Amino acid sequence: MQKERPFVMSIAGFDPSGGAGVLADIKTFEQLKVQGLCVCTAMTLQTESEFYTLQWQPIDEILSAINVLMKKYKVEAVKIGVVKDAKFLAQIVEKLKSINPEVKIVWDPVLKSTSEFSFFDLNTISELKNILQKINLITPNYNEYNVLKEHHLFEPSENGCSVLIKGGHREDKTGTDILWENGKEISIEPNNTTALFYPKHGSGCILSSAISGYLALGKNVEQACQKGKLYIEKFLTSNPTLLGFHS
């Protein structure tokens, strides 16, 4: 049994290019020296620039895999990626919390791929409100945040989850992320503006998995977001192509 590294789980899609989804998450976990586990929510066929097919995994198989892994390993943090709809997400979160009520959960709400392929059923967005109470942090990009905000998901609540609004799609202050935590707004400025000119396939997946890894290492949400930003900037500037390097 691994003793030196905390366990972190990715529950996300499989991308055969390795740029996004569980493969990218596992690469990130390894760099952060946390022990990565994964459960696949969907099988996709895609490259860094084109999306072809998606096949959702049966929810019963996903829950069964979570059950086996969570009962074998003490998982400190979980990153959730692409999910089919609100009910799909709710069942995953309920399973996680039923096994370990203290587990930290980060959801990267991928609504569409970069190539505009729709993942999440937008008709179920209004059902997310209760689910978000059980999640520690969600990491929408600027466009995703605006879609979710239209459904009044971020009204003040004592038990509401924190929200990191990624700034890569902003027209003003590009690259500046905003963390909302306990009703407080924290601006996370870019450390390397060169990163803004090197977009990467899977950057959202990698940021959320890096944050999850840092949470497992004992950082608080703000610290994990700050360190996650440093990690993703290094990834973005690793080369000029759409597939980045982890180092």
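The values are calculated or read from the model by the stated rules, or taken from the named source; none is laboratory data. These numbers were taken from a predicted model, which means no experiment stands behind them. Using ideal geometry, Cβ is built from the backbone for each residue, glycine included, and neighbour counts are taken over all protein chains shown.
Values computed for the structure shown
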read-out: Test: residue 214 is among the aromatic types (Phe, Trp, Tyr) and within 19 Å of residue 81 (Cα to Cα); value: yes
read-out: Cβ pairs under 7 Å, 6+ apart, first in the stretch 162-190 and within 23 Å of residue 130 (Cβ to Cβ) and of a type outside the set (Val, Ile, Thr), second at pLDDT below 90 and not in a strand (DSSP E or B); value: 183/156
read-out: Restricting the stretch 90-109 to residues that are without any contact (Cβ under 8 Å) to a residue 40 or more places away in the chain and in a loop (DSSP other than H, G, I, E, B), the residue that is nearest to residue 13 (Cα to Cα); value: 109
read-out: Hits in the stretch 20-43 - residues which are closer than 22 Å to residue 245 by Cα and either touching a helix residue (DSSP H, G or I) at 6+ places or on another chain (Cβ under 6 Å) or surrounded by 23 or more Cβ atoms within 10 Å (Cβ to Cβ) (or both); value: 20, 21, 22, 24, 25, 28, 29, 32, 34, 36, 37, 38
read-out: Any hit, the stretch 188-209, residues being assigned to a loop (DSSP other than H, G, I, E, B), closer than 25 Å to residue 117 by Cα, modelled with pLDDT under 95 and among the acidic types (Asp, Glu); value: no
read-out: Inter-residue pairs, beta-carbon under 8 Å, first farther than 12 Å from residue 92 by Cβ and in the stretch 42-68, second among the β-branched types (Val, Ile, Thr) and loosely packed, with under 15 Cβ neighbours inside 10 Å, 6+ apart; value: 44/53; 45/53; 48/241
read-out: Criterion: part of a helix (DSSP H, G or I) and within 19 Å of the chain's Cα centre (by Cα) - qualifying residue of 160, 228; value: 228
read-out: Residue ID - nearest to residue 103 (Cα to Cα), chosen from residues in the stretch 57-86 that are crowded, with 17+ Cβ neighbours inside 10 Å and of a type in the set (Lys, Arg); value: 79
read-out: Complete set of residues in the stretch 152-187 that are exposed (fewer than 13 other Cβ atoms within 10 Å of the Cβ), under 19 Å from residue 204 (Cβ atoms) and modelled with pLDDT under 70; value: 171
